[in-house]
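S.K.: Here it is, the structure, as structure tokens.
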Amino acid sequence: MFRHRLFLIVNPISGTCSKKGVVEKIETRFRRHGIEIDTALTTGCGDATRLAREAVEKGYRAVLACGGDGTVNETARAMCGTDIPLGIIPAGSGNGLARHLGIPIDILTSVDVISREHVTPCDYATANGRPFFCTFGWGFDAAVSDRFARAGKRGLITYLNSAIEEYKDYQGEEYSINVDGVAHTRKAFLVACCNASQYGNNAFIAPQASIKDGLLDVIIIKDADHLRTLLVGIDMLTGMIPHNSQIEKLRGRHIVITRNSNGPAHLDGEPIEMGTVADIKCIHGALKIFTPQKKMRFMPFVTPMIYTFRDWHFALRNLVSG
């Protein structure tokens, strides 16, 4: 019964925009392509994973996640290791995985991507057994994610305010980082393990990261004065971060990170408690995702500018169309 239908999971409170009428728009767009969908709304943490797992068991042809990175993460957890593809309809504030894959940050245009049925086998990773799909972070980014989660509001402005408040007094710490058996010790502002290229909102922490190569990019931002770490943030937005002298990049399949303190970590921007040891593994090609057939080759300055212009274009078009 379900084999020729898609199952859509919608987070009605993701991002900063109202989701009123979104389901109807998505259903209408899919019908233009001759595709029927069934829909469920999430009401709390863990719902998307449960709903996606049930959809897989019932034999739906694909499972779609409409929401932000948290919704995509929850949905994708149930899809790992299955032959059922994941469709991403970006409707969050960061949309890091969608942006990395070149999926348009526009609900209707992303539906068109799914309807073309181009499926890409993608990697995912685990940190102490917990799946993530874009980034794991320890240090400043995790502290900002924790503050942002406690702010009570979503959106880019709230995130920037959280980053500024955390930045004022933040101090780096020492990490032991073992990459495929090779040990490194660094005092760092943050350590990020990246399956994809960005945190979201076109902030490129690892511009050359690939979600298909079976490797994670380990980005170490060295501890330094406030001016130099601020310049790293600017280079993240321009795509020039690999050329910043405060950056060190390692690559590997199995990374073990140890630190002395017990502060928050983050998985795809969601803060979690991780203890003092993070055992991180890349699982190659085990998640199937609907993606555009072609993706732009990353170029510093040019790619971030094009992505930003595209975001403005979609936002303006949706504002005019209502």
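S.K.: How do the peptides 113-123, 302-312 rank, highest first, by the average count of neighbouring beta carbon atoms within 10 Å per residue? Walk me through the numbers before you get to the answer.
M.R.: Details: 113-123: 18.1, 302-312: 14.9.
The densest-packed peptide leads the list: 113-123, 302-312.
S.K.: Using θ = phi - 60° and the Karplus form 6.51 cos²θ - 1.76 cosθ + 1.60, what ³J(HN,Hα) does each residue of the stretch 178-191 get, whole Hz, x for Gly and Pro?
M.R.: Karplus-based 3J(HN,Hα) across the stretch 178-191 equals 9, 10, 6, x, 9, 8, 9, 10, 9, 8, 9, 6, 7, 10 Hz.
S.K.: What FRET efficiency comes out for the pair residue 315/residue 83, r = Cβ-Cβ distance, R0 = 51 Å, nearest 0.05?
M.R.: Values: r = 35 Å, r/R0 = 0.70.
Rounded to the nearest 0.05, the efficiency is 0.90.
S.K.: Let me ask something else about it. More than 20 angstrom separation, counting every C-alpha pair in the stretch 11-77; what % is that?
M.R.: On the way: 664 of 2211 pairs.
Tail fraction, whole percent: 30.
S.K.: What is the Rg over Rh value, at two decimals, for the stretch 114-196, using alpha-carbon atoms and the Kirkwood definition of Rh? Display every interim value, and only then the final one.
M.R.: Values: Rg = 16.4 Å, Rh = 15.3 Å.
Result for the stretch 114-196 is an Rg/Rh of 1.07.
S.K.: Still on this structure: Just order 264-276, 198-210 by mean Cβ neighbour count inside 10 Å, highest at the front, would you? Mind dumping the intermediate values first?
M.R.: Working: 264-276: 19.9, 198-210: 22.8.
By packing density, highest mean first, the sequence is 198-210, 264-276.
S.K.: Cα-Cα pairs above 25 Å in the chain: how many percent?
M.R.: It works out to 48 percent of all Cα pairs.
S.K.: May I pose another question? Just tell me which lysines come within less than 19 Å, Cα to Cα, of residue 288; anything on the same chain fewer than 8 places away is out.
M.R.: Straight-distance partners of residue 288: 58, 212.
S.K.: What nm value, rounded to one decimal, do you get for the distance between residue 169 and residue 212 when each label is placed 7 Å out toward the C-beta?
M.R.: 4.7 nm
S.K.: On to the next question. So if I take the centroid of the Cα atoms in the stretch 13-59 and the same for the stretch 169-215, what is the distance between those two points in Å?
M.R.: Between the Cα centres of the stretch 13-59 and the stretch 169-215 lies a distance of 32 Å.
S.K.: With r defined as the distance between the Cβ atoms of residue 184 and residue 13 and R0 fixed at 45 Å, what FRET efficiency is calculated, to the nearest 0.05?
M.R.: Working: r = 41 Å, r/R0 = 0.90.
Given R0 = 45 Å and the Cβ-Cβ separation, E is 0.65.
S.K.: Still on this structure, I have one more. Once the other residues with Cβ under 13 Å from the Cβ of residue 319 are scored (Lys, Arg +1; Asp, Glu -1), what is the net sum?
M.R.: Working: positive: 317; negative: 106, 311.
In short, -1.
S.K.: Another question about this same structure. Considering the stretch 130-284, what Rg and Dmax in Å follow from its alpha-carbon atoms?
M.R.: Rg and Dmax of the stretch 130-284, Cα atoms, are 14.3, 41 Å.
S.K.: How many percent of the alpha carbon pairs in the stretch 241-295 exceed a separation of 17 Å? Mind showing how you got there, number by number?
M.R.: Numbers: 957 of 1485 pairs.
The answer is 64 percent, as a whole percent.
S.K.: Need the list of aspartates and glutamates near residue 295 for cross-linking: C-alpha distance under 19 angstrom, and skip anything on the same chain fewer than eight residues off.
M.R.: 106, 112, 117, 123, 213, 311
S.K.: Work out, step by step, the length gained on full extension between residue 276 and residue 294: first 0.36 nm times the residue separation, then minus their alpha carbon distance; give nm to one decimal.
M.R.: That pair, residue 276 and residue 294, stretches by 2.4 nm at full extension.
Taken together, the values in this text are just the output of simple stated rules run on the coordinates, not laboratory data. As the structure is a computational prediction, the values presented were derived from the model and not from experiment. Note that each Cβ is placed from the backbone with ideal geometry, even for glycine, and that neighbours are counted across all protein chains shown.
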